[in-house]
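These notes are about the structure you will find just below.
The values are calculated or read from the model by the stated rules, or taken from the named source; none is laboratory data. For clarity, every value in this text was computed on a predicted model and none was experimentally measured. FYI the Cβ positions are ideal-geometry reconstructions off the backbone, even for glycines, and counts take in every protein chain you see. The area values use the complete protein model at the heavy-atom level, side chains included, leaving out ligands, DNA and RNA. Shrake-Rupley method; radii C 1.70, N 1.55, O 1.52, S 1.80 Å.
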Amino acid sequence: MKSSTTQGVKILSTGSAVPHISLNNDQMSEIVQTSDEWISTRTGIKERRLLTGSQQSVADLAIVASKKALDKISMDPSQIDLIILATSSPNDLFGSASQIQHSIGAINAVAFDLTAACSGFVLGLVTASQFIQNGSYCSVLVIGADVLSKWIDWSDRSTCILFGDAAGAAILQSCPSTENSILNFQLNTDGHYSHHLSIPYQDDKKPHSFLNLHQGSFKYISMNGKEVYKFAVSQVPLSILKCLNSLNMSVNDINWLLLHQANERILNAVAEKLSISRDKIIANLSKYGNTSAASIPLALDEAVQEGKIANNDVLVVAGFGAGLTWGTIIVRWKEL
Ligand code: UT7
């Protein structure tokens, strides 16, 4: 896309939340037949955080992350016009965003969920930017949050070692177009390969007695890791290049590469394909694993807290995952 920007969009603040309970690779090897050596070398993951205990849901993490983002800039929640919750693990199939709206006191905000798995935060940022750029809304809270531990088959070593629970949030606000931070985006979906990564719904075998009505439930995460890996490494660099090209920018203009934190080997392979040096990669998956929609805002929040990102730095943010859906946003960072 090439937007005819009327309003600029600025990322005002970020926040994140992870559960207290962590499970390292050695502990994981007591649950399934695996080892720290296998997980570390194949994925770069060392440990992950898990939301344990009953009555705990994705909304709890999302609320903490949102409050942190608001507190950082002492923003009154009533100023928020829109809340977008990117999640694939809501605690209510009708959506969890309204619970967050109520809990943080964003009384003037409309709130909805957006389901796009690991690309959810990228799609959420793009959606928020559209509302701001066309003048509909001024302040938008975008949250990426997932608790995939609730949807994992804990006897399947090919998936249970990968995922962790977390939430990340960003507050976007309109600004003069000269100060615009969201420079461009590029989004894609290829539903032909949706079966490579899904949490499928399955009908119960026995229909309801009187209407041949089938009811059912969602199953566990099912993933063809090799295919998803190949897809990410081949498609993500192309998306980034398209996005840069339409801005007449090159990979040399990139200060930071912030990819969905799925696998360290994917981060390195994408950087290598683009000839971007490894020290420009933002990575925190060793501590948290793949946190799905939360991985990008969590890594962004940590990088901001560490003071890594300087004013006017160019960040290439790319998400990829189930759908299969993938996409890139190019951000010129404006100091918070
Ligand atoms: O967030 C959404 C996006 N998701 C992704 O990006 C995931 C992309 N895929 C990946 O990251 C990788 O494909 C995995 C990390 C999931 C798997 O790595 P791989 O190098 O593709 O391994 P593999 O599935 O080909 O398995 C290699 C071997 C197999 O044994 P055989 O058949 O060679 O004897 C597996 O059974 O490793 C075995 N294996 C394990 N061994 C120890 C699979 N999982 C494990 C395990 N521990 N946890």
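Within segment 196-227, count every residue that is free of Cβ contacts under 8 Å to residues at least 12 places away in the same chain and open to solvent by 90 Å² or more (accessible area, probe 1.4 Å). Write out each step before concluding.
We begin by selecting, within segment 196-227, every residue free of Cβ contacts under 8 Å to residues at least 12 places away in the same chain; these are 205-214, 226.
From what is left, the residues that are open to solvent by 90 Å² or more (accessible area, probe 1.4 Å) are 205-206, 209-212, 226.
Number of matching residues: 7.
All but one of (1) more than 19 Å from the chain's Cα centre (by Cα); (2) β-branched (Val, Ile, Thr); (3) open to solvent by less than 40 Å² (accessible area, probe 1.4 Å) hold for residue 147; which doesn't?
Every condition holds for residue 147 apart from (1).
Might you let me know whether segment 74-84 holds any residue that is without any contact (Cβ under 8 Å) to a residue 24 or more places away in the chain and open to solvent by 40 Å² or more (accessible area, probe 1.4 Å)? Don't jump to the end; show me each part of the working.
Just the residues of segment 74-84 that are without any contact (Cβ under 8 Å) to a residue 24 or more places away in the chain, to begin with: 74, 76.
Subsequent filtering for residues that are open to solvent by 40 Å² or more (accessible area, probe 1.4 Å) retains 74, 76.
Yes, there is a match, as at least one residue in segment 74-84 is without any contact (Cβ under 8 Å) to a residue 24 or more places away in the chain and open to solvent by 40 Å² or more (accessible area, probe 1.4 Å).
Does segment 161-187 hold any residues that are touching a helix residue (DSSP H, G or I) at 6+ places or on another chain (Cβ under 7 Å) and more than 15 Å from residue 125 (Cα to Cα), and which are they? Explain how you work it out, then say what you get.
Of all residues in segment 161-187, those touching a helix residue (DSSP H, G or I) at 6+ places or on another chain (Cβ under 7 Å) come to 161-172, 174, 182, 184-187.
Across segment 161-187, the qualifying residues are 161, 162, 163, 164, 165, 166.
What tally of residues in segment 257-275 results from selecting those that are surrounded by 20 or more Cβ atoms within 10 Å (Cβ to Cβ) and more than 20 Å from residue 308 (Cβ to Cβ)?
Here the count works out to 3.
Return only the number of the condition from (1) among the β-branched types (Val, Ile, Thr); (2) surrounded by fewer than 24 Cβ atoms within 10 Å (Cβ to Cβ); (3) touching a residue at least 60 places away in the same chain (Cβ under 8 Å) that residue 127 does not satisfy.
Status for residue 127: all satisfied but (3).
Would a scan of segment 235-250 turn up a residue that is within 14 Å of the ligand (Cβ to nearest atom), farther than 30 Å from residue 7 by Cβ, assigned to a strand (DSSP E or B) and touching a strand residue (DSSP E or B) at 6+ places or on another chain (Cβ under 6 Å)?
Scanning segment 235-250, I find no residue that is within 14 Å of the ligand (Cβ to nearest atom), farther than 30 Å from residue 7 by Cβ, assigned to a strand (DSSP E or B) and touching a strand residue (DSSP E or B) at 6+ places or on another chain (Cβ under 6 Å), so the answer is no.
Could you give every pair whose Cβ atoms fall below 7 Å, whose first residue belongs to segment 289-300 and is under 17 Å from residue 257 (Cβ atoms), and whose second residue is assigned to a helix (DSSP H, G or I), counting only separations of at least 6 or pairs across chains?
Qualifying pairs under 7 Å: 295/118; 296/121; 296/122; 297/121; 298/288.
Looking only at segment 251-281, which residues are hydrophobic (A, V, I, L, M, F, W, C), out of contact with any Lys or Arg (no Cβ under 7 Å at 6 or more places or on another chain) and away from the ligand (no atom under 16 Å from the Cβ)? Reasoning before the result, please.
We begin by selecting, within segment 251-281, every residue hydrophobic (A, V, I, L, M, F, W, C); these are 251, 254, 256-259, 262, 266-267, 269-271, 274, 276, 281.
Narrowing the set further to residues that are out of contact with any Lys or Arg (no Cβ under 7 Å at 6 or more places or on another chain) leaves 251, 258-259, 262, 266-267, 269-270, 274, 276, 281.
Correct list: 251, 274, 276.
Restricting attention to segment 283-325, which residues are within 16 Å of the ligand (Cβ to nearest atom) and either assigned by TED's automatic domain parsing to the domain that holds residue 145 or part of a loop (DSSP other than H, G, I, E, B) (or both)?
Within segment 283-325, 283, 284, 289, 291 meet the criteria.
Here is a check on your reading of the model: is residue 29 open to solvent by 10 Å² or more (accessible area, probe 1.4 Å), away from the ligand (no atom under 16 Å from the Cβ) and more than 18 Å from the chain's Cα centre (by Cα)?
Values: open to solvent by 10 Å² or more (accessible area, probe 1.4 Å): yes; away from the ligand (no atom under 16 Å from the Cβ): no; more than 18 Å from the chain's Cα centre (by Cα): yes.
Against the criterion (open to solvent by 10 Å² or more (accessible area, probe 1.4 Å), away from the ligand (no atom under 16 Å from the Cβ) and more than 18 Å from the chain's Cα centre (by Cα)), residue 29 does not qualify.
Suppose we keep only residues that are open to solvent by 40 Å² or more (accessible area, probe 1.4 Å) and at positive phi within segment 32-58. Which one would you say is farthest from the ligand (Cβ to nearest atom)?
Among them, the one singled out is 55.
So for segment 267-283 (the condition being in contact with an Asp or Glu (Cβ under 8 Å, 6 or more places away or on another chain), at pLDDT below 95 and closer than 29 Å to residue 158 by Cα), does at least one residue qualify?
No, segment 267-283 has no match at all.
Helices (runs of 4 or more DSSP H) wholly in segment 59-176 with at least 2 residues that are touching a strand residue (DSSP E or B) at 6+ places or on another chain (Cβ under 9 Å), of a type in the set (Asp, Glu) and within 16 Å of the ligand (Cβ to nearest atom) - which ones?
On the way: elements: 97-104, 120-133, 157-160.
Hits in segment 59-176: none.
Looking at this structure, is residue 187 surrounded by fewer than 17 Cβ atoms within 10 Å (Cβ to Cβ) and more than 15 Å from the ligand (Cβ to nearest atom)?
When the stated conditions are applied, residue 187 does not pass them.
For residue 201, are the conditions met, namely being within 15 Å of the ligand (Cβ to nearest atom), aromatic (Phe, Trp, Tyr) and not assigned by TED's automatic domain parsing to the domain that holds residue 47? Full working, then the answer.
On the way: within 15 Å of the ligand (Cβ to nearest atom): no; aromatic (Phe, Trp, Tyr): yes; not assigned by TED's automatic domain parsing to the domain that holds residue 47: yes.
Taking the combined requirement at face value, the residue does not satisfy it.
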